[in-house]
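Nothing in this text is a laboratory measurement; each read-out follows from the coordinates by a stated rule. Quantities reported herein were computed from a predicted structural model and do not represent experimental measurements. Every residue, glycine among them, receives a Cβ derived from its backbone with ideal geometry; neighbour counts consider all protein chains shown.
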Amino acid sequence: MVEEAKNLLDWSQWGRQWIEHLRRHKTLNRELERHLHKFEETFTLIGRQASKLDSTQAGDELPTLITRAEQVQEQFHHFLRLAQLSEDEHMEQEMRESAQESINVQPAVAEEVQVPVVVPAPISYPGAREPVRAARPVPAGRHTLPPLPYAYNALEPYIDEATMQIHHNKLHQKYVDDLNTAERKLAEARESGNFELIRHWERELAFNGAGHYLHTIFWPAMSPNGGGTPSGDLAAAINRYFGSYNAFRRQFSQAAEKVEGPGWAILVWSPRAHHLEILTAEKHQNLSQWDVIPLLALDVWEHAYFLGYQTQRDKYVENWWNIVNWPYVEERYEKARKLRWEPY
Ligand code: FE
């Protein structure tokens, strides 16, 4: 099977897993439920078409279908956003209008995919391309779970499907929910002027905000096509500061393995010092250096590896290098390094 067709199958599975997640965790109105059903048919059809594609057909059909598939993905991201917003009654009107727009852009998803659709390479890690909503600021209490940019089983054998399901679906969702609660409670406090519980909500804000943001970097920083070594300016910066890629990797692995209890190992660029650094965070918020931009984050909480590795965090850390998505890290580095404070 050609590579694109395989990507397409993974993508189809990713979509159907999302739909399953939404059905289990979200209350959708009839309008959205109807669209969800159409998306489900679309993902299923695309998966079926992909499994039939052989290398002779693929050459003819791929180019025209790639654009089409990207549209479906774009609309699904939009739909996910709407599904999140729909939980809030105040947003219902706006949501209906936006839903209407998305219907106009994409009339009858299900019928159109009778034409076989093949997913382009970027689908394998679309998280690297920020979804449309990134252009708009997130209002207080309206964070949403970013879609996993690949299927739940895509990182096997390095990270198993069950771990990924729990980690993304359940745990990351909980950070999002609790961050939203903290932001809403703080907004209420601002309004009422009653800051009696400020210490509690500030802690919640730090813990769940750090959890949400770090996991948001964590998912697209891995890829089924990952591994290898960094290139370009990031490679040069690593060599310059750490001496070599191997020296960097040794230090990063050691730092990750030796975090006391749950936490993270994080490669950062310091806009102040103008060089890279490796930091660790106990839990999320302790020992954090705030004036930095995370580039590469490795989750070493037990939930990230326990089902597959039990207590062998070192094996998990070692294997994790096979799925690091360097182009994504490079992209983050390219943007982050432009931010430079006055050095002191
Ligand atoms: Fe985690």
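Amide H to amide H under 5 Å from G263: which residues, 5+ apart in sequence or cross-chain, H placed 1.01 Å off N in plane?
Residues meeting the criterion, in which the H sits 1.01 Å from N, are K283, V300, W301.
Going by how many other Cβ atoms sit within 10 Å of their own, how do I278, I293 line up, fewest first?
Fewest to most other Cβ atoms nearby, the residues stand as I293, I278.
With each pseudo-label sitting 7 Å past Cα toward Cβ, what's the D60-L197 distance in nm, one decimal?
Placing both labels 7 Å beyond Cα along the Cβ direction yields 6.4 nm.
Within straight cross-link reach of K38, meaning Cα distance under 24 Å, which lysines are found once same-chain residues fewer than 8 apart are removed?
Those lysines meeting the cut-off are K6, K26, K52.
When averaged across all projection directions, what area in nm² does the alpha-carbon convex hull of segment 232-336 cover?
Averaged projected hull area, Cα only: 6.4 nm².
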